[in-house]
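Chemist: Just dropping this structure here.
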Amino acid sequence: MRVRPRLSCFFRSSEKPVVSPLIAPLLVPGRRESDKAAERGMTMKRLLTAAAFVLACAFTAASQAPMAKAQEQITEITLERTACFGYCPIYTVTLRRDGTISYNGKKFVQLEGMYEGKFYGFERLAQLILSRGYFNLKDNYTVNATDLPSTITSVVRGGKRKTIRNYGDSGPVELWGIEMAIDGVLRGAELEKAKGQQAAPRK
């Protein structure tokens, strides 16, 4: 003969069983079936309301995360090389996240004048800039000498522009690597003479 264990066997005599407040109204003895059904309906409504609230918070957080990330993205990269006492190339190039490029060759370069076009590799270049700590570098590097060229880089991130002037190539190797990478992207770009200007032959 099987003996059904008493409920008190599972608890100490001085303790009361812990019952979830969501189902407590359903365990009260002597309640009518209609009351129990109403309580079950109310409990279900509470659960659905809580679930809807959690989902709404999750969707809000998910929609805000890409927005915050987009606000911190690098959107523009510029390199400018200035004159020296000699035949240093003088030009400016601007690269944008949408893959467009603007180039202005002034002197001692293969292409002189204003050019526009498209290029590949902005995202990789932006990753390189971040990994080399560009935004933690000083704004100016110089050397005690005259008639040397400057390389000026500027990067726009989150709507704010940081500019570094590297006179006489005196900056750290991380900055030099970024400058070389921008030149590499320029060499692989597809350029066309800007509207209103005649194309100059490559020298």
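Chemist: In the range 159-183, what residues are touching a Ser or Thr at 6+ places or on another chain (Cβ under 7 Å), over 21 Å from Phe108 (Cα atoms) and not in a strand (DSSP E or B)?
Modeler: Across the range 159-183, the qualifying residues are Ser170, Ile178.
Chemist: Can you tell me which residue is nearest to Ala181 (Cα to Cα) among those in the range 99-114 that are outside any loop (DSSP other than H, G, I, E, B) and of a type in the set (Val, Ile, Thr)?
Modeler: Going through the qualifying residues, I end up with Ile101.
Chemist: In the range 68-98, which residues are within 17 Å of the chain's Cα centre (by Cα) and either outside any strand (DSSP E or B) or charged (D, E, K, R) (or both)?
Modeler: Within the range 68-98, Ala68, Lys69, Ala70, Gln71, Glu72, Gln73, Glu76, Arg96, Arg97, Asp98 qualify.
Chemist: While we're on this one: Among what's in the range 115-158 and is of a type in the set (Asp, Glu) and either touching a helix residue (DSSP H, G or I) at 6+ places or on another chain (Cβ under 6 Å) or outside any strand (DSSP E or B) (or both), pick the residue that is nearest to Ile74 (Cα to Cα).
Modeler: Restricting attention to the range 115-158, the residues satisfying the condition of being of a type in the set (Asp, Glu) are 116, 123, 139, 147.
Checking which are either touching a helix residue (DSSP H, G or I) at 6+ places or on another chain (Cβ under 6 Å) or outside any strand (DSSP E or B) (or both) leaves us with 123, 139, 147.
Working: Glu123: 9, Asp139: 18, Asp147: 33 Å.
Ranking the qualifying residues of the range 115-158, first place goes to Glu123.
Chemist: Oh, and also: Just name the residue that is farthest from the chain's Cα centre (by Cα) out of those in the range 99-122 that are without any contact (Cβ under 8 Å) to a residue 24 or more places away in the chain and surrounded by fewer than 16 Cβ atoms within 10 Å (Cβ to Cβ).
Modeler: Here the answer is Lys106.
Chemist: Inside the range 170-188, can you point out the residues that are under 15 Å from Arg124 (Cα atoms) and touching a strand residue (DSSP E or B) at 6+ places or on another chain (Cβ under 9 Å)?
Modeler: Within the range 170-188, Ile178, Glu179, Ile182, Asp183, Val185, Leu186 qualify.
Chemist: Looking at this structure, is Leu186 surrounded by 14 or more Cβ atoms within 10 Å (Cβ to Cβ) and more than 14 Å from Thr78 (Cα to Cα)? Reasoning before the result, please.
Modeler: Working: surrounded by 14 or more Cβ atoms within 10 Å (Cβ to Cβ): yes; more than 14 Å from Thr78 (Cα to Cα): no.
No; evaluated as a whole, the condition is false for this residue.
Bear in mind these aren't lab numbers, they're just calculated from the coordinates by the rules spelled out. The structure presented is a predicted model; accordingly, all values stated were derived computationally and were not measured. Backbone-built Cβ (ideal geometry, glycine too); neighbour counts: all protein chains shown.
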